[in-house]
Amino acid sequence: MNAAIRPLTSAPMPRRYSLPIGGVAGTSFKHEHLPAILEDGPQRGFFEVHAENYMGAGGPPHRALETIRKDHPISLHGVCMSIGGPAPLDRAHLARFSGLVARYQPALVSEHLAWSTHETSFFNDLLPLPYTKATLDRVCDHVDEMQEAIRRPILLENPSTYVAFRESTMSETDFIRSVAARTGCGLLLDINNVFVSASNHGFSALDYLADFPLADVGEIHLAGHAAQADDEGELLLIDSHDGPVSDAVWKLYEIVVARRGAVPTLIEWDSQIPDWPVLRAEAAAAQAILDRHQAAGARHAA
Amino acid sequence: MPLEPHISYAADFAAALLDPARPAPSLVTGPNGKAAARRYDVYRNNVTVSLIAALAAIYPAVQRITGADFFRAMARFHLRETPPTSPLLFDYGRDFPAFIERYPHAQALPWLADVARIERAWLDAYHAADASPLPPAALAGIAPDQLAGLTLTPHPAVRIVRSPFSTVTIFAANRADGPVHRIDASAAEDALITRPEFDVVVRLLPPGGATFASELIAGRSLGDAAASALDETPDFDIAAGIAGLIDAGAFTSVLPGDAA
């Protein structure tokens, strides 16, 4: 035996890089839509699921995911890893997440620049963090740890926020750019989050996007938002995922696609979930923008 | 390693999330010095509303019985006292039945906690590992003198909930969509919860059936389980009892005992 050939058992899971799925649009996967989706036949796009919903041992959730996965790429979107928290990652949760990656071999894997657990309490919300050199180090450690556990890079999602931290010393875009550069992770650009945060903090969404490392973006999220009032009675946007994508977010999306090129794009809709054809139509609108850009690229190349 | 001062943001931010009496943490702000109280309240609201929704999703019959306003208030008290400790929300609310039992405003509904216990067992069965249940004729080939010593492997989804009230009837009426008529709550009812394939089924056990099933699930022999059931309910029908449990999908394998 050639000593240069290393045994395949040196690592429990091989390191993988997902197969690119190209410029296709997908939707959140909601089980109530499964019969309608199956009746439609295989879709061109992908389906995204919240990882935590499939961390039970068995039963109908896994059956639904196995069914949809037969004909569609899956995007595994974690919402509870607390990458942005100061505490160490939850090893048991990381193991569950790794198990899902190994079982379903998703095309895309993502998590949030946020935290949701402190000490023993899980708050079930994406909570914000200050942007400092110290938190940057901690977030990079957490991304490294997660990527090592699942043996592949993740896409890290920019947050929507309602408050800022007095102690922050760098911009969100600088922070995110540094995480990507240091960990090798990709980025999930949530354009609705950019729009919500820009409105809430009084900055320009276009400036933010101009400063965002678009080359690292491996997925885009689009979603709807709601409006409330802040302490001064002025507009405060809420990242509610409960309605159609706003016109302003569509416009920003076209700008991003023109600059970045076509990347997988998700229509995210998590509450007041509409019938399947409504969600499908939102995805078709994103697909039309992606296709228009790809056709223009093909004409340029010709 | 002690926490460095700059990473105390999570402790400071978390402290007021479930406590409306506390002010918003001073470490956060709006843009250009704008106030952050209502902005911070968005997070408070997200946490509380989403956890109430999680409890409502686990306990729909309890919510239907109490009405949404009563349920929201009861759930809010509970989640402030007992926030989730796991990011898996389908695991949340294990302490909710006991909370309902001592919740002062629910004392007029003494069976409500047991309805909640069935709903909690229902969700555990829903997420339990997949396994093929025993076929109906599983015991047909076993010699009569080996029956008393046999033991059975419980299906991962099987659960028993005992109640001194008519809890199975109340549960069934309030998980369905139809109108609920007046129910006499005073008859003791025990529930068998199974998920032989992908649908969770809640059945009413006959008197003595819960003791019989619980002992078999705990790994006691058929003979021992039968003796306990007969001790409690002298006219308990053992043949019908074991056939009913197997038919419900309560077991995955049978281990023959030694010949008597």
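Every number in this text was worked out from the coordinates using simple rules, so none of it is lab data. Just so it is clear, the structure is predicted and the values come from calculations on it, not from any experiment. Don't worry about glycine lacking a Cβ; one is built from the backbone with ideal geometry, like all the others, and counts go over all protein chains shown.
One Cα centroid belongs to segment A:92-166, the other to segment A:280-302; the line between them spans 31 Å. Per residue of chain B, the DSSP helices (runs of n ≥ 4 H) give a summed -39500 (n - 2.57) that works out to -13500 deg cm²/dmol at 222 nm.
Between B:Ala15 and A:Val278, the simple spin-label model (points 7 angstrom out along Cα→Cβ) gives 4.3 nm.
The order of B:Ile118, A:Ile74, going from fewest to most other C-beta atoms within 10 Å of their C-beta, is A:Ile74, B:Ile118.
In segment A:49-146, taking the dipole from charged Cβ atoms about the Cα centre, the farthest positive-side position among A:Thr67, A:Cys80, A:Val143 is held by A:Thr67. Hey, quick one: spin label on B:Arg182, modelled 7 Å out along Cα-Cβ, who in segment B:101-138 has an amide N within reach, i.e. under 18 Å? Taking a point 7 Å out along Cα→Cβ of B:Arg182, the residues of segment B:101-138 whose backbone N falls under 18 Å are B:109-110.
Taken about its Cα centre, segment B:151-251 carries a charge dipole of roughly 320 debye when the Cβ of each Lys and Arg holds +1 and the Cβ of each Asp and Glu holds -1. Cross-link partners of B:Lys34 among aspartates and glutamates, defined as those whose alpha carbon lies under 15 angstrom from its own and excluding same-chain residues fewer than eight positions apart: A:Asp230, A:Asp231, A:Glu232, A:Glu234.
Applying 0.36 nm per residue to the separation of A:Glu119 and A:Glu66 and subtracting their alpha-carbon distance, the gain on full extension is 15.6 nm.
Out of every Cα-Cα pair in segment A:82-232, what percent are more than 24 Å apart?
32 percent
Please give, to one decimal in nm, the separation of the simple spin-label points placed at A:Lys251 and B:Gln146, each 7 Å out from Cα toward the Cβ. Each label point is offset 7 Å from its Cα along the Cβ direction, giving 7.9 nm. Convex hull volume per residue, computed on the Cα atoms of segment B:125-181, equals 164 Å³. Residue by residue along B:193-202, Cβ atoms of other protein chains within 10 Å of the local Cβ number 2 on average. This model, with +1 at the C-beta of Lys and Arg and -1 at the C-beta of Asp and Glu, gives chain A a dipole about its Cα centre of some 1580 debye.
Count Lys and Arg as plus one, Asp and Glu as minus one, and take only other residues whose Cβ is under 10 Å from that of A:Asn192; the net charge is then -3. Note on segment A:21-301: Cα-only Rg and Dmax are 18.2, 56 Å. Projecting the alpha carbon convex hull of segment A:33-94 along each direction and taking the average yields 5.1 nm². When the Cα positions of B:Ala225, B:Leu204, B:Phe236 are compared along the charge dipole of segment B:172-260, B:Leu204 comes out farthest toward the positive end, with charges on each C-beta of Lys, Arg, Asp and Glu.
Here's the list of lysines a cross-link from A:Lys30 could span, going by alpha-carbon distance under 19 Å and ignoring same-chain residues fewer than 8 apart: A:Lys70.
In plain terms, the residue of B:Ser163, A:Ser246 with the fewest other Cβ atoms within 10 Å comes first and the most crowded comes last, giving A:Ser246, B:Ser163. By the count of neighbouring beta-carbon atoms within 10 Å, fewest first, A:Cys140, A:Cys80 end up ordered A:Cys140, A:Cys80. Legend: mean number of C-beta atoms from other chains within 10 angstrom of residue C-beta atoms, peptide A:127-133, equals 4. Here the gap between B:Asp247 and B:Leu27, fully extended at 0.36 nm per residue and compared with their Cα-Cα distance, gives a gain of 73.2 nm. Against the empirical 2.2 N^0.38 Å (N residues), segment B:129-260 has a Cα radius of gyration ratio of 1.11.
In chain A, the calculated helix contribution to ellipticity at 222 nm averages -12500 deg cm²/dmol per residue, counting -39,500 (n - 2.57) for every DSSP H run with n ≥ 4.
In square nanometres and to one decimal, what's the mean projected area of the convex hull around the Cα atoms of the protein assembly as shown? Quarter of the Cα hull surface area: 34.5 nm². With K and R counted +1 and D and E -1, the other residues having a Cβ less than 10 Å from that of A:Leu155 yield a net charge of -4. Could you work out how far the C-alpha centroid of segment B:49-87 sits from that of segment A:196-236, in angstrom? One Cα centre to the other: 32 Å.
A cut-off of 5 Å between modelled amide H atoms, ignoring neighbours fewer than 5 places along the same chain, links A:Asp190 with A:Asn158, A:His221.
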